[in-house]
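The structure under discussion appears below in the form of structure tokens.
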Amino acid sequence: MKSLVLKNLSKTYFDPYAGSQVTAIRDVSLSVAPGEFVSLVGPSGCGKTTILNMIAGFLPASGGEILVDGNPVRGPGADRGVVFQSFALFPWKTVLENVAFGPKMRGVARAQREAIAREFLELAGLSQAADRYPNELSGGMQQRVGVVRALANHPDVLLMDEPFASVDAQTRMTLQEELTRIWQERRTTVLFITHDVAEAVFLANRVVVLSKGLVMTEIDVPLEHPRRWDAMMEDERFKALSALVLQKVRAA
Amino acid sequence: MNAALRLWNLRVWGPYMRATARWPALRSIVPFLPLLALWWAVAAAEVFPRAFFPGPAEVVGAFFTLTYKGILPEYLFDSVTRLAVGAAVGVALGIPLGLLVGLNRGAHTALWPILLFFQAIGDIAWLPILLIWFGFGLTTMTFVIVYTVLFPIVLNTVLGVRSIPIDLHRAARSLGASPARVVWEVVLPGSLPNIVTGLRNGLGYGWRALIAAEIIVGTSGIGFLMFDARRAGSVVEIMLGMIVLGILWYIVDAWVLAPIERATGQRWGMVQRQ
């Protein structure tokens, strides 16, 4: 459970077709406390994914600083777990081997890392699927694997890039509820990227609205975890917060 | 018409499917039976002089004679060994080269045009110059096979490496894999289905190039057997050589390459089953 701090982060890149520099991220400062769940929401093209890719170390920042537990980020590393929209499971590895991949890279012995993987599969209700290949699972099951694969490596910060955008609506609600439960149990620091306002409010302690490469506003979500959709849909505070966030995103 | 179809399904197709399910080898043999029957009929009718167009019985006879004399096993062994050595060297050179060109932008820029250029100079187009350099020998033949096997493997490996989604690289890195381990854990298995395709094409081309080289270089092997038979005017032995080529390739494909494909790309859902 570590903190994540962005200081005056910016990203410009050269567009070879336009023949000019393009600014994707103008100036973003953001602080995520240890164990906090922050949703980053904004219209498409606002730079959400670019920010996540820089934090993960997939893209170099053009300016500013990224600190995880006070240490500057240089390239990808196991301290920042990532859950991808595309799931990004290794098709040639079984579910168990996928989840055991992080511990394997840390040099954990086979028996031990498989025990770790089984424990985390249990957490997501996936014990039955341990020996199957990803292509044999539904989209919802695959992303459950994606989430526990990242968690099984005990990252300081969990980065989630629209992880539930490509599963069906019912499964998405279930996965969101499971995520609030797992987060409540494990209290990992999470930065969750989404364009879905209700999802952002449902999951987070705090919603950050991004617009044109800048932080537009931050809204606290003082609702207790774990959360359930049937209760939330009736909850006046949830409705009011969602309406407020939606208003900001539309203005973005 | 409908009744005939039902009868066919009931009496022929159904039992055939059940039989092949029990003895899968039948699936490889049965389709050849009509062809064999036609061959036998044409030969027996003596449409062409028997010495020009012998029937199955003569070819089987030649098979036993040459096997008994030890010529066929020896030549077969020579050809298969040459192909195996060529394929092994081709794989050992081709996969690392393919990984390099697929992963490294500089290597791709520098080597890709050269690879395409030399790929176009097909196998036996090298023979004239090789015969001058190395003479009628094993070096020439090995060169031709390695050359032929190499390019399909390199080009398909490059394709495989480049078709791996970037998120898989990123996932591995953010789970703590070093760049070197990403090559072993992600790039190699991720491009394996393409590598197998390359191997399949490479062996197919290599096999043909080998026979051509044996015909021209000619010291031993199935290609030499056929060319030698031409000198003796023995159509039976030429036909035998052709049939051996077909059967051998069928075995390599069905017993070696197809099982690899089933165990890898198809199992992982990266290649569609046919």
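The values are calculated or read from the model by the stated rules, or taken from the named source; none is laboratory data. Note that the coordinates shown come from a computational prediction; the quantities given were computed from them, not determined experimentally. Here the Cβ positions follow ideal geometry from the backbone for every residue, glycine too, while neighbour counts run over all protein chains shown.
Some observations on this one:
Here's the yes/no breakdown for (1) modelled with pLDDT of 85 or more; (2) touching a Leu at 6+ places or on another chain (Cβ under 9 Å); (3) away from every other protein chain (no Cβ under 14 Å):
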site: B:223; (1), (2), (3): yes, yes, yes
site: B:229; (1), (2), (3): yes, yes, yes
site: B:235; (1), (2), (3): yes, no, yes
site: B:254; (1), (2), (3): no, no, yes
site: B:257; (1), (2), (3): no, yes, yes
site: B:261; (1), (2), (3): no, no, no
site: B:265; (1), (2), (3): no, yes, no
site: B:270; (1), (2), (3): no, yes, no
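- When region A:59-72 is limited to residues that are over 17 Å from the mean Cα position of the chain (by Cα) and not in a strand (DSSP E or B), the one that is surrounded by the fewest Cβ atoms within 10 Å (Cβ to Cβ) turns out to be A:70.
- Of the helices (runs of 4 or more DSSP H) lying entirely inside region B:97-167, those carrying at least 1 residues that are more than 25 Å from the chain's Cα centre (by Cα) and buried (at least 16 other Cβ atoms within 10 Å of the Cβ) are B:105-120.
This table checks each residue for (1) in the same structural domain as residue B:139 (by TED's automatic domain parsing); (2) within 30 Å of residue B:153 (Cα to Cα).
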site: B:40; (1), (2): no, no
site: B:61; (1), (2): yes, no
site: B:74; (1), (2): yes, yes
site: B:77; (1), (2): yes, yes
site: B:81; (1), (2): yes, yes
site: B:84; (1), (2): yes, yes
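- Residue within region B:204-225 that is in contact (Cβ under 8 Å) with a residue 40 or more places away in the chain and farther than 26 Å from residue B:135 by Cβ present: yes
- Checking region A:233-249 against the condition returns no match, with no residue being in contact with a Phe, Trp or Tyr (Cβ under 7 Å, 6 or more places away or on another chain), acidic (Asp, Glu) and assigned by TED's automatic domain parsing to the domain that holds residue A:164.
- Counted residues, region B:233-274 - those being among the polar types (S, T, N, Q) and in contact with a helix residue (DSSP H, G or I) (Cβ under 6 Å, 6 or more places away or on another chain): 1
- Residue that is farthest from residue B:213 (Cα to Cα), among those in region B:39-79 that are under 27 Å from the mean Cα position of the chain (by Cα), surrounded by fewer than 16 Cβ atoms within 10 Å (Cβ to Cβ) and among the aliphatic types (A, V, I, L, M): B:60
- Residues satisfying the stated conditions in region B:169-185, i.e. facing another protein chain (nearest Cβ under 7 Å) and either closer than 13 Å to residue A:84 by Cα or out of contact with any Lys or Arg (no Cβ under 7 Å at 6 or more places or on another chain) (or both): B:170, B:171, B:173, B:174, B:175, B:177, B:181
- Being part of a helix (DSSP H, G or I), assigned by TED's automatic domain parsing to the domain that holds residue B:165 and within 20 Å of the chain's Cα centre (by Cα) is a property that residue B:228 lacks.
- For residue A:107, the criteria (1) within 12 Å of chain B (Cβ to nearest Cβ); (2) over 24 Å from residue A:43 (Cα atoms); (3) at pLDDT 95 or above hold in every case but one, which is (3).
- Annotation: of all residues in region A:31-57 being in contact (Cβ under 8 Å) with a residue 24 or more places away in the chain, over 13 Å from the mean Cα position of the chain (by Cα) and within 11 Å of residue A:210 (Cα to Cα), the one that is farthest from the other protein chains (Cβ to nearest Cβ) is A:43.
- Only one of A:121, A:67, A:126 that is under 23 Å from residue B:170 (Cβ atoms), more than 7 Å from chain B (Cβ to nearest Cβ) and touching a strand residue (DSSP E or B) at 6+ places or on another chain (Cβ under 6 Å): A:67
- Test: residue in region A:182-192 that is touching a residue at least 24 places away in the same chain (Cβ under 8 Å), within 14 Å of chain B (Cβ to nearest Cβ) and buried (at least 17 other Cβ atoms within 10 Å of the Cβ): yes
- Answer residue from region A:112-168, given it is outside any helix (DSSP H, G or I) and of a type in the set (Val, Ile, Thr) and is farthest from the chain's Cα centre (by Cα) among those: A:167
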